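The block underneath contains the structure these notes are about, expressed in structure tokens.
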Amino acid sequence: MTTKRSHAHAERIREARRLGVGLGLGLGVGLGMRLGMTLALAWAPAGIAVGQEPADREPGDWQRHHVEGDVAATPEAVCSTLSDLEAFPRWFPGIREWRLLDPERRDPREGPVPVYGRQHGFGPVRDRDYVVHYHLRSGADGACSLEARALAEAGPAPDTDAVRIDSMRTVWSVRVHESYGSHARVGYTVHIAPGWIPEWATPERLQVAPELLIERLAAEVRRRDGR
């Protein structure tokens, strides 16, 4: 009996994680890093840190949420994976629709790339969609940053059954690990205006595991490297 209870409890935790990732990270950019950063600390494996900090370069009422972790690959390999925007639906949680809008602009290393994305909602929460420009900038020692900014007046019109997010900025940052030179330290930051999350969707009601985002990126890097 104890074993059955344990299995049932474990399955409930796994289901909460799946639902949380779909809602909490699925915006790729927005719907809910806000929901689960404090709860995720209890689940975060070694090398993963999550937290909430005041906004820096955005309007004063915007929120800033951040997750970072280690990836057992060189910064160059991680940056190469992030530059492949067409592959994002394979590993980024919760993507329902994803389109690069300009056939002439597909590589964010060469300049801004416009992308339309739509993320799964959850229960009574409608899907969220967005149009963003992705731009990757390279630094020393293989480091890079991939930034996405919302474009309020660009791309297809908002869908009638989705909520258009037009006030956000996300940044992937990749640098050489301080202690393990062959590894990368990867961060993902979401800056988002208030009001995109329903009032009832509080951290107490939803369990979110934002560290899974870094784990899924690491798995995609390994897949590309044939490991």
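The values are calculated or read from the model by the stated rules, or taken from the named source; none is laboratory data. Here the structure is a predicted model, which means the values were calculated and not measured. Because the Cβ atoms are built from the backbone with ideal geometry, glycine has one as well, and the counts that use them run over all protein chains shown.
A few notes on this one:
- Scanning the range 206-227 for residues that are touching a strand residue (DSSP E or B) at 6+ places or on another chain (Cβ under 7 Å) and either at pLDDT below 70 or among the charged types (D, E, K, R) (or both) yields a count of 2.
- Among the numbered conditions (1) within 27 Å of Arg185 (Cα to Cα); (2) touching a Lys or Arg at 6+ places or on another chain (Cβ under 7 Å); (3) crowded, with 19+ Cβ neighbours inside 10 Å, the only one that Asp127 does not meet is (1).
- Identity of the residue in the range 165-187, charged (D, E, K, R) and over 17 Å from the mean Cα position of the chain (by Cα), that ends up farthest from Phe122 (Cα to Cα): Glu178
- Among the residues of the range 113-146, those identified as of a type in the set (Val, Ile, Thr) and part of a strand (DSSP E or B) are Val113, Val115, Val131, Val132.
- Here Asp127 fits the description: out of contact with any helix residue (DSSP H, G or I) (no Cβ under 6 Å at 6 or more places or on another chain), in contact (Cβ under 8 Å) with a residue 24 or more places away in the chain and of a type in the set (D, E, K, R).
- Tally of residues being at pLDDT 90 or above and under 21 Å from the mean Cα position of the chain (by Cα) across the range 130-160: 17
- Pick from the range 188-205, criterion over 10 Å from the mean Cα position of the chain (by Cα) and under 25 Å from Phe88 (Cα atoms), ranking: modelled with the lowest pLDDT: Ile197
- The single condition among (1) part of a strand (DSSP E or B); (2) at pLDDT 90 or above that Val163 does not satisfy is (2).
- Within the range 177-194, being in a strand (DSSP E or B) and surrounded by 17 or more Cβ atoms within 10 Å (Cβ to Cβ) holds for Ala184, Arg185, Val186, Tyr188, Thr189, Val190, His191, Ile192.
- Residues of the range 101-115 that are buried (at least 18 other Cβ atoms within 10 Å of the Cβ) and out of contact with any Ser or Thr (no Cβ under 7 Å at 6 or more places or on another chain): Val113, Val115.
- Top-ranked residue of the range 72-87 - restricted to ones that are of a type in the set (S, T, N, Q) and closer than 13 Å to Ala184 by Cα, ranked as surrounded by the most Cβ atoms within 10 Å (Cβ to Cβ): Thr81
- Check on His120, over 25 Å from Glu86 (Cα atoms) and modelled with pLDDT of 80 or more: no
- Residue that is farthest from Met168 (Cα to Cα), among those in the range 47-77 that are within 14 Å of the chain's Cα centre (by Cα) and at pLDDT 70 or above: Gly69
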